[in-house]
Amino acid sequence: MSQAVVAKLREAFSADVLDVKEYRGEVTVTVKKEEIVAICQFLKDEAGYNFLCDLCGVDYLGQQPRFMVVYNLYNITTKERLRVKVPVEEENPRVDTVSTVWSTANWPERECWDLMGISFNNHPDLRRILMAEGWVGHPLRKDYPLQGPDREPYQGRLS
Amino acid sequence: MAKKETMTINMGPQHPSTHGVLQLVLELDGETVVNAVPHIGFLHRGVEKLAENRSYHRALPLTDRLDYLAPMSNNLGYVLTVEKLLGITDQIPERAKVVRVMMAELTRIKSHLVWLATHALDIGAMTVFLYCFREREQIMDMYEKLSGARMTSNYFRVGGLSLDLPEGFVDDVTSFIDDMPGHLDTYEGLLTGNKIWQKRTVGVAPISAEDAIDIGLTGPALRGSGVDWDLRRDNPYSGYEDYDFEVITRDGCDTFDRYKNRLDEMRESCKIIRQAVDKLQPGPILADVPDVCLPPKKDVVNSIEGLIHQFKIITEGFKPEPGEVYQGVEAPKGELGYYMISDGSANPFRMKIRPPSFVNLQALPKMVEGKLLADVIAAIGTLDIVLGEIDR
Amino acid sequence: MPEMLSLSNDPILFLSLMLAKILAVFIVVILIVAYATYAERKIIGRMQTRLGPTMTGPLGLLQPIADGLKLFFKEDIIPAQSSKLAFLLAPMMILVPAFITVAVIPFGGDVVIKGFAVPLQITDLNIGILYILAMAGLGVYGIVLAGWASNSKYSLLGGIRSAAQVISYELAAGLAIIAVFMLSGTLSLRGIVAAQSGSVLDWYIFSQPLAFCLFVITSLAEINRTPFDLPEAETELVSGFCTEYSSMKYALFFMAEYANMIVVSAITATLFLGGPAGPFAGPINLLLKVFFFMFLFIWIRATFPRVRYDQLMFMGWKVFLPLALLNIVITGAVVVFL
């Protein structure tokens, strides 16, 4: 079970595991961002999480730290999932890239930079991916207006 | 020797075989590809941002527009995620689950038909294209009968289905799956044994199992590299554990094996649909969770309570407790995942979609570098990408 | 045996008959070109469970005319960066060789007019086959020129592909024909038809089946038809060498493609199927054979995918060329020793 993995992880990186949560049968581990590459390498090599499903950023505007980078991992052998999160503060929105661990991370990290404005150290090719080159701002941030910049707010109902 | 000069060509975003608005910048030495850089984002509509500003029910139609060739698979992933977030997964009525499986598999056939059609057309076999679209048309008609729309069906609902099956629908499905294996044999008759088809696909766009996992390939593309993994069997959802089907795996790692895989998958889908038809029992189509599900139309027009009920759900929506879930489904193109965070309000706080095409497309440069220009076309086809879900 | 009509014995009759023959052949070829597009769309349509054109005129019969009108009235665009003269010349350079090749094809036996024997052939060159090969070689200049003059990378790739393809396959096609005139002993097409004029079994398709197959396949490659339509492979090179062309110039490329189909079919019929020999009047026999081959080409288009560039080269140089040489050696041995 994922719990065993979490226990192993706690043993190896006792100082870096900030929080472990289970919700609807899914385990989420929050770790410090400094050690994310080492932790991911550990999870891949020791715990068999050889498949990175998804990587994304979340903006908790108004909370400290403001951002979270979320890694959804999958173990193809045991068919188990695990979620790893790292908090990223607004002043220094940088995380080390995990594209050295899984090549998959390349584009999702670019997307995270493009839409959320979290940049990745040592990333091989950190360019905007969905928005146009030279776009100003990061649209998925909560303080980015839904209508886009420099436009009258939409007067109708949205929800 | 003189310095070798390379030529850079822009393939797309307007090009007959980039399957939409994909732009590939190719560096060519003669006809050999030295370097391939995909550029995406021409179809970016900000689906994730839009979803954050709508209630859960109203974000559902956005998912139709992701992989517009397989709208019901997208709907299925979304409603399963929201149901998991609400914790009502085990309250979904049996009939709704069976219909969901049936429609998801029909959608798989529909999506694979478009893939086969365009893939064959790209390689130059244009007759298969029209044969496939003839069969796809039947599925489109069923879609229309069921939901009123041919492409953007928006048929599933959080908690069940929007409408019950129309009269005669099951007969349509049965006659379709009776004919489908024969049609598949026709396609194979035109392609599988064809020497030119084999020359164009065997050994083309290779990727090893290790590389495929490393780069995140999923779905038929991954199973073509010999990795035996299918979410329908390994992390079953919507009752897939009760169906008897095989996961098709081949280890040729090339375009031909991926082609055979998808064809066999369509045959398996027919088997699943047949079992679903047999399982179909009369019963409710919506879960009995009044906070979430809309009341039947009959109640809304006949009683003030029903009207108020409907009004409340439409205007306010429902509010799942704070939490976060991830749900992956085996969409026709690979693992389609939704990662959803609720902050206790009526809108999703964050909805991240994991589109299979987006991750699969990353493998393209690896597959084509050092190969010929014509193989780029075959590789784009074999990855089965849809720009709607890549760009979101 | 009446005397052969020539410029010396009755110049006026000769010239007027020559003009009439040229006009007749030209009109027939143009008509077939127009209706070959219609036939192709109808036939492929039926093969693909479609109907093809139905709306223009009865059974869509006016469709070729409508297409022609449409293309004629389209804006004629010449890209600013192109080489204008070459860009204008290219479509003509493709179409003209295709039409003038027809000149040497005999479409019937001799008819007697005013006491002179008149051959149903525009002209009988004693090097007829060489003329045909030369004209086929000229056609490729048009494609290469179109590819180069357009100043577009896709066009350029198409032009290069075409040059390489035609050179490789012309060789094999030429060598395949050599075996035929080793048997006939003449390069004149009239002579070759005469050599096959006995029974049906005298047709060279029966004595030279390998050469026949080689010639049909390599001809497909020379006229850029599926599965060898690489120069204009639309899914790879957008439209290949004619990407930048529009309006009437684009139509000329299409006319050339169908004219080439007719020419190749006619040559094959002449070399291997006895030309105008058959149960009906000469020209009708020839037309029937031409239509058969054109149907075959259309059928192939509906069935096969496109081969890849390197595979095409491999087949040309390593399969067809050795086979053609082998065929010559065998034919030579048979002619000398038997």
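For the residues C:Ser219, C:Ser168, C:Ser246, a GNM of chain C with alpha-carbon springs under 10 Å puts the largest fluctuation on C:Ser246. Basic side chains Lys and Arg get +1 at the Cβ, acidic Asp and Glu get -1 at the Cβ, and with that the dipole of chain C about its Cα centre reaches some 540 debye.
Using only Cα coordinates, the Kirkwood hydrodynamic radius of the range A:2-121 works out to 14.3 Å.
Between chains C and B, what is the buried accessible area in Å², counting both sides, with a 1.4 Å probe and ligands, DNA and RNA left out, to the nearest 100?
Details: alone 16400 and 16250 Å², together 29990 Å².
Chains C and B together bury roughly 2700 Å² of accessible area.
Computing the accessible area with a 1.4 Å probe over protein heavy atoms, can you report the carbon and sulfur percentage for the range A:2-121?
Numbers: 2070 of 4300 Å².
Roughly 48 percent of what the probe reaches on the range A:2-121 is carbon or sulfur.
For the protein assembly as shown, give the share of DSSP beta bridges that are antiparallel, in percent and rounded to the nearest 5; count only bridges with both residues there. If we restrict to bridges inside the protein assembly as shown, about 90 percent are antiparallel. Work out, in µm²/s and without decimals, the Stokes-Einstein translational diffusion coefficient of the protein assembly as shown at 20 °C, 1.002 mPa s, Rh from Kirkwood over C-alpha pairs. Once the numbers are plugged in, D ends up at 69 µm²/s. Less than 5 angstrom separates the built amide H of A:Glu80 from those of A:Asn75, all sequence-distant by 5 or more or on a different chain. Taking chain A as the reference, fit the longest principal axis to its C-alpha atoms, fit the long axis of helix A:36-45 to the helix C-alpha atoms, and give the angle between the two in degrees, 0 to 90, nearest 10. Compared with the principal axis, the helix lies near 50 degrees.
Taking B:Ala374, B:Ala96, B:Ala59 in turn, the Gaussian network model of chain B (Cα-Cα springs below 10 Å) assigns the largest fluctuation to B:Ala374.
Please give the calculated 222 nm ellipticity per residue for chain B, where each DSSP H segment of at least 4 residues contributes -39500 (n - 2.57) and the sum is spread over every residue; nearest 500 deg cm²/dmol? Can you show the working numbers first?
Values: 17 runs with 198 residues, N = 392.
One gets -15500 deg cm²/dmol as the mean residue ellipticity at 222 nm.
Note on C:Leu88/C:Met313: beta-carbon distance plugged into 1/(1 + (r/R0)^6) with R0 of 35 Å gives a FRET efficiency of 0.65.
C:Trp148 contributes about 140 Å² of solvent-accessible surface, heavy atoms of the protein only, 1.4 Å probe. Angle of helix C:321-337 to the longest C-alpha principal axis of chain C, folded into 0 to 90 degrees and rounded to 10: 0°.
When chain B is treated as a GNM with alpha-carbon contacts under 10 Å, the residue of B:Glu105, B:Glu305, B:Glu94 showing the greatest mean-square fluctuation is B:Glu305.
Could you compute the FRET efficiency for B:Thr8 and B:Lys195, with r as their C-beta to C-beta distance and R0 at 41 Å, rounded to 0.05? Mind showing how you got there, number by number?
Values: r = 34 Å, r/R0 = 0.83.
Here the calculated transfer efficiency is 0.75.
Contact-buried residues of the range A:51-86, at a threshold of 30 Å² lost accessible area versus the chain by itself: A:Phe51, A:Cys53, A:Asp54, A:Cys56, A:Val58, A:Tyr60, A:Asn72, A:Tyr74, A:Ile76, A:Lys79, A:Arg81, A:Arg83 (1.4 Å probe; DNA, RNA and ligands ignored).
Let me check I've understood the local charge: for C:Ile223, count other residues with C-beta under 13 angstrom from its C-beta, Lys and Arg +1, Asp and Glu -1. What total comes out? Walk me through the numbers before you get to the answer.
Values: positive: C:Arg225, C:Arg301; negative: C:Glu170, C:Glu222, C:Asp229, C:Glu232, C:Glu257.
Residues near C:Ile223 contribute -3 overall.
The angle between the Cα long axis of helix C:247-272 and the main principal axis of chain C comes to about 30°, on a 0 to 90 degree scale. Probing with 1.4 Å while keeping every protein chain in the model, the per residue accessible area of the protein assembly as shown equals 40 Å².
Helices assigned as whole DSSP H runs in chain B whose Cα atoms extend at least 27 Å along their own long axis and whose mean Kyte-Doolittle hydropathy is -1.0 or higher are found at B:94-123, B:126-147, B:169-191. Only protein heavy atoms count here; under a 1.4 Å probe, B:Met126 has an accessible surface of about 40 Å².
Summed over both chains, the accessible area lost when B and A associate is about 4200 Å², using a 1.4 Å probe. Here B:Ile123 sits with roughly 0 square angstrom of accessible surface, probe radius 1.4 Å.
The values are calculated or read from the model by the stated rules, or taken from the named source; none is laboratory data. All of these numbers come straight from a predicted model, not from anything done at the bench. Cβ sites come from the backbone with ideal geometry, for glycine too, and all protein chains shown count toward neighbours. The accessibility values were calculated without ligands, DNA or RNA, using every heavy atom of the protein model including side chains. Shrake-Rupley method; radii C 1.70, N 1.55, O 1.52, S 1.80 Å.
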